[in-house]
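The values are calculated or read from the model by the stated rules, or taken from the named source; none is laboratory data. Computed from a predicted model, the values in this text were never measured in an experiment. Glycine gets a Cβ as well: all are built from the backbone with ideal geometry, and neighbour counts include every protein chain shown. The area values use the complete protein model at the heavy-atom level, side chains included, leaving out ligands, DNA and RNA. Shrake-Rupley method; radii C 1.70, N 1.55, O 1.52, S 1.80 Å.
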Amino acid sequence: MKDFWQYIRKAIRWIPVQIGLLSLFFCVYHLFLYYSMRERSINLGAVRFEKHILPLYAEPSFDASWWILPAVVVCIGFLYLCQKYLLSGASARHLIWIAIACFIAINMSVAQIDGYREIEREGKKERVLTLLEPYTRTSLEYYGDVPRVDELGIRRFLRDYSKPEVFNTLSGHARTHPPGGVLFLWHVSGLFGYNLISASLVTIIFTAITVIPIYRLGEHLYGEKVGRYALLLFLITPNFVMFTGTSMDGPFSVFPILSVYLFYKARDRETIPDQRWHEFRPYSLLTGLALALGMFMTYATVVVGVFLCVVALLERKQFVQYLKVLLFAASGFIGFYLLLFVLTGFRPIEALWAAIKKDEMGMGTGYESIERYFHLSFANLFAFLIGVGLPITTLWLRELVASVKEWRQNTQASVPERNGSRIPWILRHDEALDTFVIGFLITLLFFTFSTLFTMEVERIWIFMVPFFVIPVAKHLTARPMSDLYWVAGILVVQLIVSEVLLYTYW
């Protein structure tokens with residue numbers, strides 16, 4: 001019997017088994033949530049138990065055709081390329097260019113798994129590529145507001161953005177977001193024409209920029225090997241791939257991710273002894289500018305701003321240095337909006353308030369009852385964890401536990417005794433704390449239970465993916481190479497199966 005339980009414990013430590021157990025947990029949660037919504041009439045905003053695969057904002061839809069072959073070939077080819085070149089051999093410059101090419105190929109091939117969809121435009125039915133379909137919903141998508149900018153001009157469009165005469169004429173998503181998404185597509189149409197193909201392709205190509213800060217951030221925090229592993233995982237993370245090619249959340253993610261990398265560059269320059277102000281100021285100001293541009297495209301960028309403040313509070317020994325970085329970042333952020341106000345008359349606070357009211361009209365506040373509050377909070381969290389990939393979530397949880405355990409052991413080991421008792425470990429300084437991991441956990445939990453988001457977070461939160469893939473990459477570098485390929489292989493399977501079985505609207 002003893003040997004049997006040892007065998008069970010050993011089996012449970014195997015990554016595929018842990019992924020299977022996590023999958024089972026989410027299946028049980030799906031049934032529980034379905035029962036709760038059906039029997040107790042729980043309101044989860046846009047998510048409906050009658051037609052969605054809870055807690056995801058996705059309908060069951062079996063779309064298997066020959067279009068699956070390009071995606072399978074591209075993904076398998078990518079894994080072969082990783083083994084041959086990306087994990088070793090290729091220089092950093094070549095690595096980034098290859099990663100950008102792989103990003104575009106993977107996103108386009110996966111988005112096209114569903115083939116064609118039949119839509120109705122101007123009273124006529126027509127078939128369009130699934131890659132282009134989301135932008136045809138002009139009453140909902142930013143793409144439909146591009147002609148409005150042409151009609152009003154940029155200055156008047158921004159000045160009157162939150163006024164009813166303009167605000168009430170915009171598409172559904174433009175009224176719950178800042179005007180950056182509309183202006184992005186307006187510039188695209190000015191360069192390449194107002195058509196679905198240019199809008200979709202530029203969306204993917206622009207989002208491909210994210211491979212640079214993700215690789216550089218992983219390398220900066222934990223070393224080159226972690227940066228390469230993180231890049232591999234990022235390129236096949238299910239929710240980022242599925243939503244980047246067909247929604248504006250891809251371009252929205254560029255500046256929040258970039259701001260995290262710039263923040264850590266600014267932090268390291270500031271904490272070098274005898275460093276002059278002018279030697280770190282540009283990175284701090286650029287951090288604020290990146291946050292401002294991110295906030296101009298999606299209000300969800302506030303998550304990154306809170307994360308930066310949490311990190312500063314956790315690293316108390318260097319709090320003054322962090323405070324300097326954050327103050328300069330704040331000046332860059334505020335300066336952007338002051339300049340925008342002077343040039344165009346855009347009022348960001350009024351636009352934010354109008355967006356909040358519009359969202360609450362359709363989704364509610366999230367705190368109508370205690371029961372709805374907790375259901376909504378946990379559904380948000382689990383929807384995102386499923387979207388980011390079961391293998392990534394499994395190893396992120398392992399790395400999180402390991403980080404907390406190491407921090408606790410190291411701090412307790414150095415705690416002096418006072419009157420025969422030890423000082424509680426939570427009162428110790430951060431000498432063994434991985435603030436990137438712990439800081440994000442605190443931030444994630446805060447926003448999970450904040451009621452600021454009402455479902456669909458598997459798409460809205462895709463800019464948080466680096467906070468998962470980088471710690472997971474760090475975890476995998478200390479394990480056999482076979483574990484990396486187990487994780488990558490299962491990620492590819494989840495990605496393709498999800499695209500085949502789910503209709504995610506984007």
Dimensions of segment 138-209 along principal axes (Cα, Å, largest first)? 34, 21, 21
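For segment 166-253, what is the convex hull volume of the alpha-carbon atoms per residue, in Å³? Write out the running numbers ahead of the final one.
Details: hull volume 9.9 nm³, N = 88.
Hull volume over Cα atoms, normalised by residue count, gives 113 Å³.
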Could you give the length gained by full extension between Ala64 and Trp97, i.e. 0.36 nm per residue of separation minus their alpha carbon distance, to one decimal place? 8.7 nm
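Determine one quarter of the surface area of the Cα convex hull of segment 184-225, which equals its mean projected area, and express it in nm² to one decimal.
Values: hull surface 13.9 nm².
Mean projected area of the Cα convex hull: 3.5 nm².
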Along Cα→Cβ, 7 Å out, is where each label goes; now give me the distance between the ones at Lys357 and Ala330 in nm to one decimal. 2.9 nm
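Could you check how much of the accessible area of the chain is carbon and sulfur, as a whole percent, using a 1.4 Å probe?
Summing carbon and sulfur atoms, their accessible area is 64 percent of the total for the chain.
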Taking the simple approach of a point 7 Å from Cα along Cα-to-Cβ for both Leu152 and Arg13, what is their distance in nm? 6.1 nm
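Could you give the dipole magnitude of the chain about its Cα centre, charging the beta-carbon of Lys and Arg +1 and that of Asp and Glu -1, in debye to the nearest 20?
Details: 46 positive and 40 negative charges, 208 e Å.
Dipole about the Cα centre, nearest 20: 1000 debye.
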For segment 1-149, the Rg and Dmax computed from alpha carbons only, in angstrom: 22.2, 73
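Given the convex hull of the Cα atoms of the chain, what is a quarter of its surface area in nm²? Before the final figure, lay out the partial values.
Numbers: hull surface 115.2 nm².
Across all orientations, the chain yields a mean hull projection of 28.8 nm².
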Kindly state, to the nearest 0.05, the FRET efficiency for Lys51 paired with Lys125, given R0 = 22 Å and r defined as their beta-carbon distance. 0.45
Above 22 Å lies some portion of the pair distances; for segment 60-142, what is it as a whole percent of all C-alpha pairs? 44 percent
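Averaged per residue, what accessible surface does the chain expose to a 1.4 Å probe, in Å²?
On the way: 23030 Å² over 506 residues.
In whole numbers, the chain has 46 Å² accessible per residue.
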Hydrophobic long helices for the chain, i.e. whole DSSP H runs reaching 27 angstrom or more by Cα along the axis with Kyte-Doolittle mean at least 1.6, come out as 92-111, 319-344, 481-501
